[in-house]
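A.B. asks: Structure below; questions to follow.
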Amino acid sequence: MNWLLNVVVMIQILAALAMIGLVLVQHGKGADMGASFGSGASGSLFGATGSANFLSRSTAVCAAVFFVCTLTLAYLSHDRARPSSGSVLDRPAAVAPVASGPTQIPTAPLRAASAPVAVPAAPASGVSEIPTK
C-alpha cells in the first residue's frame with residue numbers, strides 16, 4: 001500500500017509541474033491585441049490559433065490528473081481502523097507505560113504532617129475586602 005501512495009504522489013507532482021509549465025508558456029488575453037497592430041505574436045510555434053487549443057487542452061488534462069491524484073491521496077490516507085463503539089466514553093482508558101528506569105525522589109521540602117492547614121470558614125466572595133466610608 002505504501003508503494004501506491006508513492007506512485008500517486010509522484011504522478012501528482014509531475015502533473016503539477018507540467019501544469020505550471022503549460023500555464024507559463026501560454027500567452028495572455030492581451031497578447032492578441034498586440035498582434036493586431038503588427039506585433040510578431042501571430043508567428044508562434046503552433047500558429048496563430050493552434051497554440052491556444054493545444055495548450056489549454058493540455059492544461060485541462062493536467063488539472064484533471066492533479067485532482068484525481070488529490071482525491072486518491074485523500075481516500076488512501078483516510079484508511080484507518082474504526083472503533084467498534086461510537087462513543088468515546090465506552091472505550092477503556094489508555095494506560096500510561098511504566099518507566100523501566102530508576103524513579104527519582106522529589107527533592108522539594110516536605111511539609112510536616114502535623115502542621116494545621118488554614119481553611120477559610122466561609123467561601124471567599126471578596127465582599128469583605130471592599131472598603132467602606
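The values are calculated or read from the model by the stated rules, or taken from the named source; none is laboratory data. These numbers come from a predicted model, not from an experiment. Note that each Cβ is placed from the backbone with ideal geometry, even for glycine, and that neighbours are counted across all protein chains shown.
A.B. asks: Any chance region 38-48 includes a residue that's at pLDDT 60 or above and part of a helix (DSSP H, G or I)?
C.D. replies: Within region 38-48, none of the residues are at pLDDT 60 or above and part of a helix (DSSP H, G or I).
A.B. asks: Considering region 1-26 alone, what residues qualify as being more than 10 Å from THR59 (Cβ to Cβ) and touching a Phe, Trp or Tyr at 6+ places or on another chain (Cβ under 8 Å)?
C.D. replies: GLN12, ALA15, ALA16
A.B. asks: Looking only at region 1-15, which residues are under 18 Å from the mean Cα position of the chain (by Cα), over 13 Å from SER77 (Cα atoms) and touching a residue at least 40 places away in the same chain (Cβ under 8 Å)?
C.D. replies: GLN12
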